[in-house]
Amino acid sequence: MPSELNNKIATKLQEMAELLRQQGANPFRIRAYQRAAQTLAAMNRSVQEILQLQGSKGLIALPHIGQGIATAIAEMVQTGHWVQLERLRGNLDPVQLFQTVPGVGQELAERIYRALHIDSLEALETAAYDGRLQQVKGIGQRRLAGLRASLASMLGRTRSLPQSGRAGGPDVDLILEIDRRYLESAVAGELPRIAPKRFNPDQQAWLPILHTEQAGWHFTALYSNSALAHQLHKTRDWVVIYFYDDHHQEGQQTVVTETHGPLTGRRVVRGRETACSAYYAAHRADA
């Protein structure tokens, strides 16, 4: 008889598939979540037990469970949250999510979110290794080591360093193309909209969402609904682009209109300004 936890997670996987269908996502992604839900609903063994004894490798060994979905299952088991689903529902609260990590209180969670503009444990783990998290006030080497260990445990990692099916993610030119498509489609009113729970007291469905596939990547793009974006009146400028490989592992980038320096007025991928400069220089040379 399937465990109660398996059924709860299978229900969330089915909900993800339905939301993706409603929002016009690629049928491949929809079917992947449906198949994973069917696998869990038919199992007699608890995914929690598998995760405890075998880690993510045990989950990946199950039918129709790839690395990304295994990470999502581990996240649900360990935290009770699934960021990707909450994002598509419109009720994601990154500050609350980060507080599920041992050693992260509300104040530190808020500082992390304000400084890094990330909203998932996957992205937090990446930041713990690429140097960005160390720049947040209150995170020294000892705390950083503890956060790395906690995140590895929570995400069911078999290795501590975050891995990606395709190292580095999409090129800057592709991210900027998705940004252009999103902005044009959003302004034209061509995209489905969701009603975010945060900073939306009237619960209006104002936030356009784009699902698309290009160059072998699956993309989801939305305007930023962060506190800082609202404070700076950038909710119709900052675009957060999430990208997924064929194993449903996620990365994210934020694209903004630059306000200073040689790229002023240009759309820039935050954190990849040097690559953006090269991109625009190449396009000037081709013109």
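Coordinate-derived values only; no laboratory data. Bear in mind that the values here come from a model prediction, so they are computed numbers and not experimental data. Because the Cβ atoms are built from the backbone with ideal geometry, glycine has one as well, and the counts that use them run over all protein chains shown.
Here the 3J(HN,Hα) profile of the stretch 14-23, calculated from phi with Karplus coefficients 6.51, -1.76 and 1.60 at θ = phi - 60°, is 5, 5, 4, 4, 5, 5, 4, 5, 5, 8 Hz, Gly and Pro shown as x. The amide H of Lys197, built 1.01 Å from its N in the peptide plane, has Asn91, Leu92 as neighbours under 5 Å, considering only residues 5 or more places off or on other chains. Values of log10 I(q)/I(0) for the chain across q = 0.09, 0.14, 0.15 Å⁻¹ run -0.44, -1.09, -1.25, by the Debye formula with one identical scatterer at each alpha carbon and no solvent.
For Arg31 and Lys57 in the same chain, what is the full-extension length gain: residue separation times 0.36 nm, less their Cα-Cα distance, in nm?
Taking 0.36 nm per residue and subtracting the Cα distance, the gain is 7.2 nm.
Toward the positive end of the charge dipole of the stretch 172-286, with +1 on the Cβ of Lys and Arg and -1 on the Cβ of Asp and Glu, the farthest Cα among Ser185, Thr264, Tyr280 is that of Thr264. About its Cα centre, the chain has a charge dipole of approximately 440 debye under the convention of +1 per Lys or Arg Cβ and -1 per Asp or Glu Cβ, with nothing else charged.
The ellipsoid that matches the Cα gyration tensor of the stretch 1-132 has semi-axes, each √(5λ) in whole angstrom, of 26, 18, 13, with the longest given first. Once both labels are positioned 7 Å from their Cα atoms along Cα-to-Cβ, the gap between Asp171 and Ser153 label points is 4.3 nm. Neighbour counts of other Cβ atoms within 10 Å put Leu97, Leu124 in the fewest-to-most order Leu97, Leu124.
Potential lengthening of the chain between Val187 and Arg284 amounts to 32.3 nm, from the contour at 0.36 nm per residue minus the alpha-carbon distance. Angle of helix 27-42 to the longest C-alpha principal axis of the chain, folded into 0 to 90 degrees and rounded to 10: 20°. When the Cα positions of Pro27, Val47, Val77 are compared along the charge dipole of the stretch 4-89, Pro27 comes out farthest toward the positive end, with charges on each C-beta of Lys, Arg, Asp and Glu. When shorter helices are ignored and each DSSP H run of at least 4 residues is given -39500 (n - 2.57), the per-residue value for the chain at 222 nm works out to -15000 deg cm²/dmol.
So how do His81, His211 line up by other beta-carbon neighbours within 10 Å, fewest first?
The fewest-first ordering by Cβ neighbours comes to His81, His211.
Across all Cα pairs in the stretch 172-286, the calculated P(r) in 5 Å bins from zero up to the longest distance comes to 2, 11, 20, 22, 21, 14, 7, 3, 1, 0 percent per bin. Cβ-to-Cβ counts within 10 Å put Thr235, Thr71 in ascending order as Thr235, Thr71, the fewest first.
Positive end of the dipole of the chain (Cβ unit charges, origin at the Cα centre): among Phe199, Leu5, Leu92, the Cα lying farthest that way belongs to Leu5.
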